[in-house]
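Everything on this sheet refers to the single structure shown next.
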Amino acid sequence: MKLDLRRITLAQDVLEAVGSQLLDVIIVGGGPAGLAAAMYATRFGLNTLIITEDVGGQLTKAGLIEDYLGFRSVQGPELARVFESHVRKYGVSILLDKVEDIRRDGGSFVIKTENSGDFRSLTAIIAVGERRKKLGVPGEEEFNARGVSYCAPCDAPLFRDKVVAVVGGGDAAAQAALLLTNYASKIYLIHRRDRLRAQPHYQKLLNHEKIEILWNTIVKELRGDKALREAVVKRTDTGEEGVLKIDGIFIEIGAEPPAEFFKRIGLITTDEGYVKVNEAMETNIPGLFAAGDCTSAMPRGFKQIQIAAAHGAIAAYSAYNYILKLRGG
């Protein structure tokens, strides 16, 4: 396994800064909710640590973001860099690692990481967002990174003058298809329904000369040799099957929370696996808060950076008030 020297160096820096001290708050996740929570927590004077697998979360995989307050348009990775820079100016330590477990131990929480040991804090905020859904069809895993992609902004330039497909019908799929028109020679948009769920702003793709929409269609199998070469598709209304000759396929069918992780640490979730929170971002475990896309507070079908960041601010405020009560304030 190749060592990630950047992660090792950053981990050493964090361990030197944090040591074995009892922190006020540990934030699990480094997307908009987690970064906003960290900024507000430090403004409240809380000793704060972020533990995340990647800084920026899904922003690092997003394309053009329009009308985030203060930015008429900005690329997702650039907005992530702005957020991180803002938070680091407050002196927040950020550890690149995976959290494996969170448990109560007396009056504090123990956060177990994959590579850096255990950390303790009076409170914790879970802001882990969601993970991309997969099709679950033959060939998907085999051709992952060999034609199968879950990140159009990352991989679109690799398909210049190629024929590609996008699977999905929401905002993410529409954004991916429009982005790919700058590179690919042809884009098939494969959608299982007879209309798009994307916001009206993105439905300009309906008239784009490079995009062909396959309505009422699903992917049954992905085939190839050393790389992806074709997709077997099926009409949901007639049952008719066909084969698309493609060089790449972008899976944009939504996301889901890490429900098994939430249940393992004792959190109550919705039927869909999202952490149940109240208006103060409190979970069923006192001192453990949650924010952003992984929570029941995020409107389904309207996941916005503004909302996730607001959740993070509220969670930090709730953690601050919780600690005040612990200290008799």
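Remarks
- Max-minus-min Cα coordinates of region 213-329 on each principal axis give 68, 27, 27 Å, with the largest extent listed first.
- Principal-axis tilt of helix 76-88 within the chain, Cα atoms, nearest 10 degrees: 10 degrees
- Relative contact order (%) - the chain, alpha-carbon pairs under 8 angstrom, separation at least six: 19 percent
- Overall dimensions of region 194-245 as given by Cα atoms, namely Rg and Dmax in Å: 13.5, 39
- Top of Leu178, Leu288, Leu69 by mean-square fluctuation, Gaussian network on the chain, Cα under 10 Å: Leu69
- Loop-resident sites, region 22-102, for chymotrypsin sites (Phe, Trp or Tyr not before Pro), counting at most 15 other Cβ within 10 Å (DSSP): Tyr90
- Protein accessible area in region 139-226, 1.4 Å probe - carbon and sulfur %: 45 percent
- For the chain, with +1 on Lys and Arg beta carbons and -1 on Asp and Glu, the positive-most of Ala36, Pro200, Asn115 along the dipole: Pro200
- Once you divide the Cα radius of gyration of the chain by 2.2 N^0.38 Å, the number left is 1.08.
- Here, region 102-240 yields an orientationally averaged convex hull projection of 12.3 nm² when only Cα atoms define the hull.
- Beta bridges per DSSP, both residues in the chain: antiparallel share near 45 percent.
- Sites listed here are GluC sites (Glu not before Pro) in region 217-297 whose DSSP assignment is loop and whose Cβ has at most 13 other Cβ atoms within 10 Å: Glu240, Glu272, Glu279.
- Cys with no candidate disulfide partner in the chain (beta-carbon separation under 4.7 Å rule): Cys294
- Heavy-atom accessible surface of the chain, averaged per residue, reaches 49 Å², computed with a 1.4 Å probe.
- Within region 91-210: Cβ-based charge dipole about Cα centre, in debye rounded to nearest 20 (Lys, Arg +1; Asp, Glu -1): 480 debye
- Springs join every pair of Cα atoms under 10 Å in this Gaussian network model of the chain, and among Asp105, Asp97, Asp247 the largest mean-square fluctuation is at Asp105.
- If only the Cβ of Lys and Arg carry +1 and only the Cβ of Asp and Glu carry -1, the dipole of region 188-329 around its Cα centre is close to 240 debye.
- When the pairs Lys162/Lys220; Lys112/Lys220; Lys61/Lys245 are compared against a 28 Å limit on Cα-Cα distance, Lys112/Lys220 fall above it.
- Centre-to-centre, using Cα atoms only, region 158-172 and region 250-329 are separated by 32 Å.
- The helix-based estimate of mean residue ellipticity at 222 nm for the chain, built from -39,500 (n - 2.57) per DSSP H run of four or more residues and divided by its residue count, is -7500 deg cm²/dmol to the nearest 500.
- Each Lys or Arg adds one and each Asp or Glu takes one away; over the other residues whose Cβ falls under 12 Å from the Cβ of Ile211, this sums to +1.
- For region 257-329, a simple Cβ point-charge model (Lys and Arg +1, Asp and Glu -1, everything else neutral) yields a dipole of about 200 debye relative to the Cα centre.
- Restriction of the trypsin sites (Lys or Arg not before Pro) in region 211-267 to DSSP coil positions whose beta-carbon has at most 16 other beta-carbons within 10 angstrom yields Lys226.
The values are calculated or read from the model by the stated rules, or taken from the named source; none is laboratory data. Please read these numbers as outputs of a predicted model, since none were measured by experiment. Don't worry about glycine lacking a Cβ; one is built from the backbone with ideal geometry, like all the others, and counts go over all protein chains shown. For the accessible areas, the whole protein counts, side chains as well, though only heavy atoms, and no ligand, DNA or RNA atoms are used. Shrake-Rupley method; radii C 1.70, N 1.55, O 1.52, S 1.80 Å.
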